[in-house]
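What follows is a single structure, written as structure tokens, with notes after it.
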């Protein structure tokens with residue numbers, strides 16, 4: 001149910017962004033608010049989520065604080081989205097709505113986000129080669145997010161638009177073991 005609600009709000013917000021020709025502006029607003037809602041952020045605004053989600057704070061107080069805190073920082077339409085969500089008691093869905101909205105923006109702009117994980121740092125030239133291959137394969141501009149996982153032993157794995165490409169030594173060794181071993185022969 002929550003996913004359906006988030007989807008509807010994000011779709012309506014995206015339609016408003018398109019109609020008002022403010023897609024990029026709304027995307028910046030969404031990123032700012034998501035950062036404010038991030039409880040792991042070192043930013044003082046990270047307590048914004050605690051305030052917004054607190055059940056003992058009245059709807060009126062939440063709306064006043066949102067309008068005061070965000071006024072001048074984000075567009076009136078973005079504040080309006082948050083106010084409507086507060087009024088409908090859907091403020092806990094705000095992060096999901098904004099994340100879905102940003103996904104729609106990326107799709108609209110022809111951008112695909114790829115997550116690449118490797119065992120040891122990869123030089124920038126190799127990352128650019130991977131980005132180029134993925135851009136060509138998916139016919140989109142690719143933004144890479146990187147991470148290190150020493151358990152992979154070597155190689156890398158990529159997750160992009162629901163597809164997974166695994167070229168790690170850990171996986172290759174697992175596949176080799178599976179092809180060599182029978183039932184309990186390798187245990």
### Message
Modelling each spin label as a point 7 Å along the Cα-to-Cβ direction, I'd like the residue 59/residue 139 distance in nm, to one decimal.
### Response
4.7 nm
## Note on the structure
Everything considered on the Cα gyration tensor (a ≥ b ≥ c; rounded for a/c under 1.5, else prolate if a/b is larger than b/c, else oblate), the range 58-141 must be described as prolate
### Query
Could you give the length gained on full extension between residue 35 and residue 51, defined as 0.36 nm per residue of separation minus the Cα-Cα distance, in nm?
4.3 nm
### Task
Let me know the shape class of the range 110-180, please: from the alpha-carbon gyration tensor, a ≥ b ≥ c as square roots of the eigenvalues, rounded when a/c is under 1.5, otherwise prolate if a/b is greater than b/c, or oblate.
prolate
#### Entry: Beta bridges per DSSP with both ends in the range 110-180, % antiparallel, nearest 5
60 percent
### Beta bridge orientation in the chain: antiparallel %, DSSP, nearest 5
55 percent
### Rounded tilt (10° steps) of 124-138 against the dominant C-alpha axis of the chain
80 degrees
### Query
To the nearest 10 degrees, how steep is helix 94-109 against the longest Cα principal axis of the chain, on a 0 to 90 scale?
70 degrees
### Message
Just to confirm the number: angle between the C-alpha axis of helix 169-180 and the first principal axis of the chain, 0 to 90 degrees, nearest 10?
### Response
50 degrees
### Task
Any chance you could run the full-extension gain for residue 179 through residue 5? It's 0.36 nm times the residue separation minus the Cα-Cα distance, nm to one decimal.
58.0 nm
### Message
I'd like the distance between the alpha-carbon centres of the range 47-100 and the range 1-20, rounded to an integer number of Å.
### Response
16 Å
#### Entry: Approximate spin-label separation residue 67-residue 84, in nm, with each point projected 7 Å along Cα-to-Cβ
1.7 nm
### Summary
Here, residue 148 and residue 127, labelled 7 Å along Cα→Cβ, have an inter-label distance in nm of 1.2 nm
### Peptides ranked, highest mean first, by Cβ atoms within 10 Å: ranges 72-78, 53-59
72-78, 53-59
### Query
Can you sort 4, 81 by how many other beta carbons sit within 10 Å, fewest first?
4, 81
### Message
For a protection proxy built on the mean count of beta-carbon atoms within 10 angstrom, sort 146-152, 88-94, 113-119, 20-26 highest first, please.
### Response
113-119, 88-94, 20-26, 146-152
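Bear in mind these aren't lab numbers, they're just calculated from the coordinates by the rules spelled out. Predicted model only: the values in this text are computed from it and were never measured. FYI the Cβ positions are ideal-geometry reconstructions off the backbone, even for glycines, and counts take in every protein chain you see.
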